[in-house]
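Have a look at the structure below before the remarks.
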Ligand code: GRF
């Protein structure tokens with residue numbers, strides 16, 4: 001991918017991950033340009049974040065389409081003229097059809113709030129608590145045609161504490177999301193990450209099944225002291 005890779009970001013809600021991407025670009029940590037933000041929810045707060053950053057926005061309301069495939073065709077038609085290098089699902093709460101996924105194959109990534117392959121779908125944090133998991137987290141992965149699957153690029157984990165609720169855990173995991181998504185996007189934009197033979201590669205080396213394990217800087221420091 002070229003120096004200033006062109007990104008499309010698809011959202012449905014708050015857009016805090018979109019904001020993390022905008023902030024990383026502003027900070028010079030992500031060499032890319034978000035050229036389009038699409039929301040399927042007309043009043044998604046993330047649209048306000050995009051407009052504040054001067055990014056083109058489009059609303060494609062899934063409720064106006066009688067079939068999933070027609071909605072997906074409208075999405076693809078909206079994205080195509082922008083000639084994007086990467087499409088990022090950042091809290092985009094629609095299941096995409098295989099046709100759409102194939103059309104954007106290997107330039108489509110998603111952030112999911114669990115340590116995949118655990119807990120595809122919804123209510124990930126409550127499931128981690130209910131199952132007595134010791135750790136929860138988030139994963140950025142290439143999108144394949146099964147829900148929340150495809151080769152993982154990077155993940156970050158946080159311990160599940162005995163006082164955690166789904167919302168306290170979600171808040172902690174969200175902070176990690178805001179660190180790993182810009183990093184994964186930067187890796188994609190700089191050509192460091194690729195999808196080959198159903199595996200994600202970083203610098204031509206096969207990544208482990210859960211992707212690169214990201215350790216936040218403060219945890220690294222704590223371990224050393
Ligand atoms: C994030 O937890 C993301 O992992 C999930 O949806 C949430 C979106 O949050 N897919 P935001 O809209 O980016 O704040």
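Tabulated results
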{"quantity": "Of residues in the range 1-40 being without any contact (Cβ under 8 Å) to a residue 40 or more places away in the chain, part of a strand (DSSP E or B) and crowded, with 18+ Cβ neighbours inside 10 Å, the one farthest from the ligand (Cβ to nearest atom)", "calculated": "34"}
{"quantity": "Residue count, the range 41-54 (criterion: surrounded by fewer than 19 Cβ atoms within 10 Å (Cβ to Cβ) and in contact with a helix residue (DSSP H, G or I) (Cβ under 8 Å, 6 or more places away or on another chain))", "calculated": "1"}
{"quantity": "Near pairs, Cβ below 6 angstrom, 6+ apart or cross-chain, from the range 45-56 (modelled with pLDDT of 95 or more) to any residue that is assigned to a helix (DSSP H, G or I) and surrounded by 12 or more Cβ atoms within 10 Å (Cβ to Cβ)", "calculated": "46/18; 49/18; 49/19; 53/22"}
{"quantity": "Scan of the range 52-83 for residues that are under 21 Å from residue 13 (Cβ atoms) and touching a strand residue (DSSP E or B) at 6+ places or on another chain (Cβ under 8 Å), ordered by number", "calculated": "53, 55, 56, 57, 58, 59, 60, 75, 78, 79"}
{"quantity": "Among (1) closer than 22 Å to residue 41 by Cβ; (2) in a loop (DSSP other than H, G, I, E, B), the one test that residue 125 misses", "calculated": "(2)"}
{"quantity": "Given (1) away from the ligand (no atom under 15 Å from the Cβ); (2) out of contact with any strand residue (DSSP E or B) (no Cβ under 7 Å at 6 or more places or on another chain); (3) not in a loop (DSSP other than H, G, I, E, B), index of the condition residue 49 fails", "calculated": "(1)"}
{"quantity": "Neighbours by Cβ (under 8 Å, 6+ apart or cross-chain): first from the range 65-93, under 21 Å from residue 43 (Cα atoms); second in a strand (DSSP E or B) and more than 16 Å from the ligand (Cβ to nearest atom)", "calculated": "78/36; 78/58; 79/36"}
{"quantity": "Filtered residue count, the range 125-142, keeping only those that are loosely packed, with under 13 Cβ neighbours inside 10 Å and within 9 Å of the ligand (Cβ to nearest atom)", "calculated": "0"}
{"quantity": "The range 184-206 - residue that is in contact (Cβ under 8 Å) with a residue 40 or more places away in the chain and surrounded by fewer than 19 Cβ atoms within 10 Å (Cβ to Cβ) and, of those, farthest from residue 27 (Cα to Cα)", "calculated": "198"}
{"quantity": "Every residue from the range 55-101 that is surrounded by 20 or more Cβ atoms within 10 Å (Cβ to Cβ) and part of a helix (DSSP H, G or I)", "calculated": "71, 72, 75, 79, 100"}
{"quantity": "Top-ranked residue in the range 103-124 [being more than 9 Å from the ligand (Cβ to nearest atom) and buried (at least 22 other Cβ atoms within 10 Å of the Cβ); ranked as nearest to residue 183 (Cα to Cα)]", "calculated": "109"}
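The values are calculated or read from the model by the stated rules, or taken from the named source; none is laboratory data. The model shown is predicted, which means the values in this text are computed figures rather than measured ones. Heads up, the Cβs are rebuilt from the backbone with ideal geometry, glycines too, and the neighbour counts pull from every protein chain shown.
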